[in-house]
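Visitor: Following this message is one structure expressed as structure tokens.
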Amino acid sequence: MALPAEFYIQVTLFVFAILAAIIYNIYYVAKYAHNEDSDFAKSKVTKAVIIVAYSLPYFMIITVPMDCSLAPYRILYPKVVIALQVFWTMVVFTSVILVWIVIPIMLLFYESDANMAACRRVWSAIKIQLPLFLFMLFMMVPSYFLLNEYSLPEETGQEYGIPAEGK
């Protein structure tokens with residue numbers, strides 16, 4: 001059973017909106033860079049991380065309406081549900097990796113002494129960031145396993161139209 005044309009139109013609009021957000025962020029970073037950093041070719045990796053970090057919130061905001069508009073297709077097309085679950089898991093893990101690892105390391109790398117070798121700059125940034133990363137890891141991993149089995153009481157779920165389990 002093929003998906004309706006509306007589905008493909010929504011996905012196409014989503015892709016164009018994401019591309020427009022990325023293009024806007026490239027323009028934003030190039031146009032509003034500090035005078036000392038105005039050459040877009042300097043620190044390419046750092047500016048690429050900035051563009052990805054700026055684009056990710058747009059990506060999430062644009063994705064929520066698309067996810068809601070695909071709700072009618074979930075019953076008829078269960079593969080869409082699995083694909084969206086994988087998609088949202090990837091978005092969450094990408095956000096975590098960006099916020100906890102990549103952005104702090106790039107910030108420290110960019111602010112470090114430019115006369116040092118690139119490998120040494122990266123290593124010093126990782127050494128500075130490692131205690132915070134380990135602290136966050138030790139706080140988040142146990143909370144994930146402790147809160148993983150949380151469920152709403154039946155009365156609260158029924159107030160919001162969620163049927164009771166097994167019914």
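The values are calculated or read from the model by the stated rules, or taken from the named source; none is laboratory data. All values derive from a computational prediction rather than experimental measurement. Positions of Cβ are backbone-derived with ideal geometry, glycine not excepted, and every protein chain shown enters the neighbour counts.
Visitor: I'd like to know if segment 115-136 contains one or more residues that are surrounded by fewer than 13 Cβ atoms within 10 Å (Cβ to Cβ) and either modelled with pLDDT under 80 or polar (S, T, N, Q) (or both).
Guide: Yes, because at least one residue in segment 115-136 is surrounded by fewer than 13 Cβ atoms within 10 Å (Cβ to Cβ) and either modelled with pLDDT under 80 or polar (S, T, N, Q) (or both).
Visitor: So which residues in segment 110-143 are farther than 30 Å from Asp67 by Cβ, assigned to a helix (DSSP H, G or I) and not hydrophobic (A, V, I, L, M, F, W, C)?
Guide: The answer is Tyr110, Glu111, Arg120, Arg121, Ser124, Lys127, Gln129, Pro131.
Visitor: So, one more: Considering (1) loosely packed, with under 14 Cβ neighbours inside 10 Å; (2) within 30 Å of Ile18 (Cβ to Cβ); (3) at pLDDT 75 or above; (4) of a type in the set (Val, Ile, Thr), say which one Val141 fails and leave the rest.
Guide: If we test Val141 against (1) loosely packed, with under 14 Cβ neighbours inside 10 Å; (2) within 30 Å of Ile18 (Cβ to Cβ); (3) at pLDDT 75 or above; (4) of a type in the set (Val, Ile, Thr), just (2) comes out false.
Visitor: OK, next. Tell me which residues, restricted to segment 70-109, are modelled with pLDDT under 80, crowded, with 16+ Cβ neighbours inside 10 Å and part of a helix (DSSP H, G or I).
Guide: Matches in segment 70-109: Tyr73, Val80, Leu84.
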